[in-house]
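Reading through the structure tokens given below for one structure.
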There are 4 protein chains.
Amino acid sequence: MIKTGIVGATGYTGSELLRLLYHHPETDIKVITSESKTGQQFSDVHPVFTQLVDHKLKSADEIADMDLDAVFLALPHGVSMEYVKKFEDLDLKIVDLSGDFRLSTPEVYESWYNKEHIYQEGFKESAYGLPELHREQIRQSDLVANPGCYPTASILGLAPLVEGGLIDKKSIIIDAKSGTTGAGVKAKPTTHFSNVNDNFKSYGLKKHRHTVEIEEQLSGLDKEKITVQFTPHLLPLDRGILATIYATPNQKVNNEQLREAYSDFYQDHPFVRLRETAPCLKDVRGTNLCDVFVTYDERTNRIIVISAIDNLVKGSAGAAIQNLNLMFGLDECMGLKTIGMYP
Amino acid sequence: MIKTGIVGATGYTGSELLRLLYHHPETDIKVITSESKTGQQFSDVHPVFTQLVDHKLKSADEIADMDLDAVFLALPHGVSMEYVKKFEDLDLKIVDLSGDFRLSTPEVYESWYNKEHIYQEGFKESAYGLPELHREQIRQSDLVANPGCYPTASILGLAPLVEGGLIDKKSIIIDAKSGTTGAGVKAKPTTHFSNVNDNFKSYGLKKHRHTVEIEEQLSGLDKEKITVQFTPHLLPLDRGILATIYATPNQKVNNEQLREAYSDFYQDHPFVRLRETAPCLKDVRGTNLCDVFVTYDERTNRIIVISAIDNLVKGSAGAAIQNLNLMFGLDECMGLKTIGMYP
Amino acid sequence: MIKTGIVGATGYTGSELLRLLYHHPETDIKVITSESKTGQQFSDVHPVFTQLVDHKLKSADEIADMDLDAVFLALPHGVSMEYVKKFEDLDLKIVDLSGDFRLSTPEVYESWYNKEHIYQEGFKESAYGLPELHREQIRQSDLVANPGCYPTASILGLAPLVEGGLIDKKSIIIDAKSGTTGAGVKAKPTTHFSNVNDNFKSYGLKKHRHTVEIEEQLSGLDKEKITVQFTPHLLPLDRGILATIYATPNQKVNNEQLREAYSDFYQDHPFVRLRETAPCLKDVRGTNLCDVFVTYDERTNRIIVISAIDNLVKGSAGAAIQNLNLMFGLDECMGLKTIGMYP
Amino acid sequence: MIKTGIVGATGYTGSELLRLLYHHPETDIKVITSESKTGQQFSDVHPVFTQLVDHKLKSADEIADMDLDAVFLALPHGVSMEYVKKFEDLDLKIVDLSGDFRLSTPEVYESWYNKEHIYQEGFKESAYGLPELHREQIRQSDLVANPGCYPTASILGLAPLVEGGLIDKKSIIIDAKSGTTGAGVKAKPTTHFSNVNDNFKSYGLKKHRHTVEIEEQLSGLDKEKITVQFTPHLLPLDRGILATIYATPNQKVNNEQLREAYSDFYQDHPFVRLRETAPCLKDVRGTNLCDVFVTYDERTNRIIVISAIDNLVKGSAGAAIQNLNLMFGLDECMGLKTIGMYP
């Protein structure tokens, strides 16, 4: 059994980790922490766990003495790096669900996150935790930077096109739509019920942080630097990201060829599900799947890709468990095989 | 033209007043205030008014010098009384949308609101602003306490039964369901999108403040003190209160007789709409209507009443305008005749 | 392994059975049927199962030759009885999810369902599939009538009070609220998006069929016939029933005593979760739990119970699996231990 | 007073016409028709009108004898043309809300609507009813083809760019998101509550009929034929279309210059509201406004436009009334000045 801890368990990614790990046969959750709610019962914070998960919330300070094998950091950007630093001398594998180690260098981080990075050493060791692109590196790594939710949907939608050199690198437009849980557990005006319900809007136009994460990963699949247009929108629903992606081919393509490219790229990746029709968000809700549909529009000479994930699972906690499985040599799918709840 | 002001215009009742008064031919809104947002454009706070209502928010302190005819106080409980006191020497008619002057005495107020009342004089002058019960008194009054949203739906559903002496006074159960706007414009955990969406729950069991307001008004229609069971619930929607009301008749009754009692009671009241089938919330959304359906269940010997309002209109801003119309001798319906937006 | 079939797999209860049985270690689903969609892939009807459950839909006629151990009938009322009759000579255990064998006699059935019953023999053999009331009988039975969704929430909320003789039998009022999946998979005006979204209403006032089912089961816990007031409402959400239940005690009671009565009654029943505060629907969504909260209101001398289930799990497919487990001597909880997805 | 009729009043566009015309001072609705519901009260079909609009539904056959000045045809595509033909000898102004006369020729119609056109004469007389592009022609016309909802949002978002020759004509991508009322009043699987709620998907990829309507209108503003990429999506809400539009400039541009182009283009058009930040759907819900926001992304060299309307008002019934106002020489805004209901 892998002795694990969850640092920062009171947010949505923390509680989702606990929901999923409840079914994981090889992990033993030794500790869950919250600095602001130390001493409270976890199920008082998240009543859905009442009588099922009865941990008391501890301080992360206790982890040093606990002989854990692994921790998940389910913390805000900027806080996570402090814990990675604090834990550097412990013999611990870390899956960091924040954005602190996803980018290539501290400089890039600082320019998009407007924040100084206090643990630059982490950038050398960390792997970008998207198994469909970096599975071997994740297996070898002790620090995995779990991808952002939008980047997961976007990169998985585009990777076969970019890696195959099939598209004009300047033509990529990602029009993405997300549920509100991406904005976190904390009440704020943007997620006030009456501001979201029966409503829809774009946000973060031209400057969302996930843009650079997508660009860096796609650029890694190619020789050239790739720039993308990325526009997020807020959907009146809890979970899910659907990205509608547009790109212009740089050669003659057809549907058959595109589907083959995707099928080849993802043949050994159990959580990418190629679809023959466009997926909807409820097809993947609650699961670790990324549903991808690709099609070519002859009339306009454009490729359209629809990619759908649950932001809290494949876009966060599920991917973190998939990474843990790889880091410990387990079956990549362990604890993650479920069917979405529809409706 | 009636020169009016709205004190506390940035909440939902304030913005709803402005939405409705936009069509009112006899009012001229001279000032809208907010202490926390003084100096800002109202339409920056509520963008739906962009280029249509372009007031700058002022401080309520300016009202003393403005020679207004009337003000609406759209303030939280406890704050409103301070302004009523402050304005006592001005020649102003006041519609107070808070709970500060709805109850019979300062003592009752203090025991249910856990707050000292600083303007006890107001209780003597104020009229309870439910025109269907107190139209004449409202016409004479300079201070009208606009009713609570739950009390409006509940009292209008029960008044003909209580006034007609048709029911056992101890048998009344009001199972009420409200949209989230009743909880206000401010973001808080209870109105965080993901806590409300696809969810439903009761709250305030056994001790909601509106209970005593309902009891006092119903008791006023009868000789005896009436006690009611009142249970509010939170619906995953913006606007509306639907109350399902149960009572046991104290005599032989039938459907025909009940409908006649309601029809007689409300014949001169244009905003109560007796329905022949149970109403839904969207039937009244955006309007000043209260839809009421009454039926007798022979099998169980119980009367069931369904009552539906829009909590921000008939349950708040619409009723306030209806009261203003009465206070100034205008047609009671002025500015309030609309058809609900369905869907 | 228990060789099972699902008859009528294209509705919501059928697809929910498949979702849940995917994790059940002792069942082997040999066949799923649909008369209207025979020959189609199940995952074409319910795309959420794509590449995960790849059965082809067959006709129920094939079951006679298949040597199954058990079938679930996920069929409409009136159709189910035909299959129970058809299968009577097969050595099959049947869990019937329809209302066809839930009531005490064919006569009661015919008066509330307005339909002749063509297999009256079934009434003698069948057990009412609520394990919390009839566990032993279910274990012995080859035909289990899975309870209705509203009755499950209502009976579990009331059973300790009725069995304990604590309440006035004429005082029971059940104000119940359900999501739309209770109305089935078929598109109809009542479940058209714009008629449900941002809306709320009562329906089936005074005459819903589940009334008699509740009354018969509660009467079985007592010596006298019990009559209940039952009012269903339609919530703008997918899953869940929350029942707010009112009853008058026939003796002096207090909260401690009530909680003890519930705790005693349910101590050996793993799926009833007694709560210390009122539950919300998302606390049980996707799970086989029934959350129950009981409290006494001294002011009004009334007991209030809040009971919450997922209508498609504890109110249907989950209960059916719980019953199957009992019929085959398995752990009652097998395949049913999960934590609700929140949010 | 303009004597008007509404043909096909039981759908959402028909009921929305009645809701809006209730406040129109210069129209007198003499007749509303429905062939399938002839003889029923309109308010029985749409209970929101109970006791407010009490028309009985008639057959459209009665119109010939009624001496009307104008009719609105709120009919499905393919049916409308029959009535335009039938009414050709009457002295009637017609606003047709269907797609039957929106395109340039019968041939284009037939290729996108897969239907023979039975009244080809109509194409010569009809004006495309988008006042922001064709106000003068609408004033002169007796047959106005009211625009589609997606085309309204899309064309108004793009017109200043196309007319100003500012963009590469092959670069236009319109990623549009609509509420469910665009799919009509009739219950069908795509608008079944549980298929829409908490869900999101694209549809009509590559072949939606509104594509050609957008292309023809934009081409009319330019010398060359314009081809657009148009992708509609279905939002879990009732009303509203938000289009996120991407285009590449064919010259150096900046934000100031773009805003000036829009401001010039729309300076005499009261219902297009230029915004300084991206609009949300609730900003325009229930109103005849089209909110437009334009911005230039230097990083990617792309122009992004966000355009938002209520599909049942500016996208249908409201535009129809705006057109009627123009056809009869009235103030274009008559009956259409309202503030959106937020929340």
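Since every read-out is calculated from the coordinates, none of them should be taken as a lab result. Since the model is a prediction, treat every value here as computed from it, not as a measurement. Cβ: placed from backbone, ideal geometry, glycine included. Neighbour counts: every protein chain shown.
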Using Cα atoms only, what is the angle between the long axis of helix B:149-163 and the major principal axis of chain B, expressed in degrees (0 to 90) to the nearest 10?
-> 40 degrees
Whichever lysines have a C-alpha closer than 26 Å to that of D:K3, once near sequence neighbours (fewer than 8 apart) are set aside | B:K337, D:K30, D:K37, D:K56, D:K58, D:K85, D:K86, D:K93, D:K124, D:K314, D:K337
Find every distance from the label point of A:E125 to the corresponding label point in the other copies (7 Å from Cα along Cα→Cβ) and write them in nm, one decimal, shortest first.
-> 6.6, 7.3, 8.1
Out of D:E276, D:E16, D:E121, a Gaussian network model of chain D with alpha-carbon springs under 10 Å gives the largest mean-square fluctuation to D:E276
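Roughly how many debye, to the nearest 20, is the charge dipole of region B:199-343 about its Cα centre, given +1 on each Lys and Arg Cβ, -1 on each Asp and Glu Cβ, and no other charges? All intermediate terms of the calculation are to be shown ahead of the outcome.
Details: 17 positive and 18 negative charges, 124 e Å.
Once rounded to the nearest 20, the dipole reads 600 debye.
Would region A:196-343 count as rounded, prolate or oblate if I go by the C-alpha gyration tensor, calling it rounded below 1.5 in a/c and otherwise prolate when a/b exceeds b/c, oblate otherwise?
Values: a/c = 1.40, a/b = 1.16, b/c = 1.20.
Taking the square roots of the gyration eigenvalues as a ≥ b ≥ c, region A:196-343 is rounded.
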Given the options C:S202, C:S15, C:S194, state which has the largest fluctuation in a GNM of chain C using a 10 Å cut-off (strictly under) for Cα springs.
-> C:S194
Could you list log10 I(q)/I(0) for the protein assembly as shown at q = 0.06 Å⁻¹, which the Debye formula gives when each Cα is one point scatterer?
-> -0.57
Excluding D:L312 itself, calculate the net charge of residues whose Cβ lies under 10 Å from the Cβ of D:L312, where each Lys or Arg counts +1 and each Asp or Glu counts -1.
-> +1
Once Lys and Arg are counted +1 and Asp and Glu -1 for all other residues with Cβ under 12 Å from that of B:Y12, the total becomes 0
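How many percent of the alpha carbon pairs in region D:214-278 exceed a separation of 19 Å? Display every interim value, and only then the final one.
On the way: 1137 of 2080 pairs.
The calculated P(r) of region D:214-278 puts 55 percent of pairs beyond 19 Å.
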Calculate for the protein assembly as shown the 222 nm mean residue ellipticity that helices alone would give, adding -39,500 (n - 2.57) per DSSP H run of length 4 or more and normalising by residue count, nearest 500 deg cm²/dmol.
-> -7500 deg cm²/dmol
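Give a quick list of trypsin sites (Lys or Arg not before Pro) in region C:133-240 that DSSP marks as loop, anything other than H, G, I, E or B, with at most 13 other Cβ atoms within 10 Å.
Working: sites: C:R135, C:R139, C:K169, C:K170, C:K177, C:K186, C:K201, C:K206, C:K207, C:R209, C:K223, C:K225, C:R239; in loops: C:K169, C:K170, C:K186, C:K206, C:K207, C:R209, C:K223, C:K225, C:R239.
Answer in residue order: C:K186, C:K207, C:K223, C:K225.
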Would you be so kind as to identify which of C:I306, C:T248, C:L258 lies farthest towards the positive end of the dipole of region C:211-343, taking Lys and Arg as +1 and Asp and Glu as -1 on Cβ and the Cα centre as origin?
-> C:I306
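If Lys and Arg each add +1 and Asp and Glu each add -1, what is the summed charge of the other residues whose beta carbon sits under 15 Å from the beta carbon of D:I29? Provide the component values of the computation, followed by the final result.
Values: positive: D:K3, D:R19, D:K30, D:K56, D:K58, D:K93; negative: D:E16, D:E26, D:D28, D:D54, D:E62, D:D67, D:D69.
Residues close to D:I29 contribute a combined charge of -1.
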Have a look at D:T338, D:V162, D:Y203 and report the one farthest towards the positive end of the charge dipole of chain D, computed about the Cα centre with Cβ charges (Lys/Arg +1, Asp/Glu -1).
-> D:Y203
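Can you tell me the relative contact order of chain A? Whole percent, Cα pairs under 8 Å, sequence separation 6 or more.
18 percent
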Which residue of chain D is nearest the rotation axis onto chain A, counting by its Cβ, and what is the distance in whole Å?
-> D:D175, 2
Beyond 28 Å between alpha-carbons counts as too far, so tell me which of B:K282/C:K207; A:K201/A:K282; B:K225/C:K177 fall in that bin.
-> B:K225/C:K177
Inter-copy label distances at A:E35, 7 Å along the Cα→beta-carbon direction, one decimal in nm, shortest first?
-> 3.4, 6.5, 7.1
Compare A:D142, A:D44, A:D291 in a GNM of chain A, Cα atoms joined below 10 Å, and give the one with the largest fluctuation.
-> A:D44
Counting alpha carbon pairs within less than 8 Å and at least 6 residues apart, what relative contact order, in whole percent, applies to region C:23-107?
-> 23 percent
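How big is the charge dipole of chain B about its Cα centre, in debye rounded to the nearest 20, if each Lys and Arg gets +1 on its Cβ and each Asp and Glu gets -1 on its Cβ? It would help to have the intermediate numbers written out before the result.
On the way: 36 positive and 47 negative charges, 249 e Å.
It comes to approximately 1200 debye.
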Classify region C:26-99: rounded, prolate or oblate, from the alpha-carbon gyration tensor (a ≥ b ≥ c, eigenvalue square roots; a/c under 1.5 rounded; otherwise prolate if a/b is larger than b/c)?
-> prolate
Could you give, in nm with one decimal, how far D:C333 is from each other copy of that position, shortest first, with labels 7 Å out from Cα toward Cβ?
-> 2.6, 6.3, 6.6
Taking Cα centroids, how far is region A:294-335 from region D:209-226 in Å?
-> 37 Å
Taking alpha-carbon centroids only, region B:20-59 lies from region B:118-184 a number of Å equal to 29 Å
Return a whole-number percent for the relative contact order of region C:241-333, with Cα pairs under 8 Å and 6 or more residues apart as the contact set.
-> 32 percent
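Can you tell me the dipole magnitude for the protein assembly as shown around its Cα centre, using point charges on the Cβ only (Lys, Arg +1; Asp, Glu -1), in Debye to the nearest 20? Before the final figure, lay out the partial values.
Working: 144 positive and 188 negative charges, 1 e Å.
Charge dipole, the protein assembly as shown, about its Cα centre: 0 debye, nearest 20.
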For region D:102-222, with +1 on Lys and Arg beta carbons and -1 on Asp and Glu, the positive-most of D:T181, D:S104, D:G122 along the dipole = D:T181
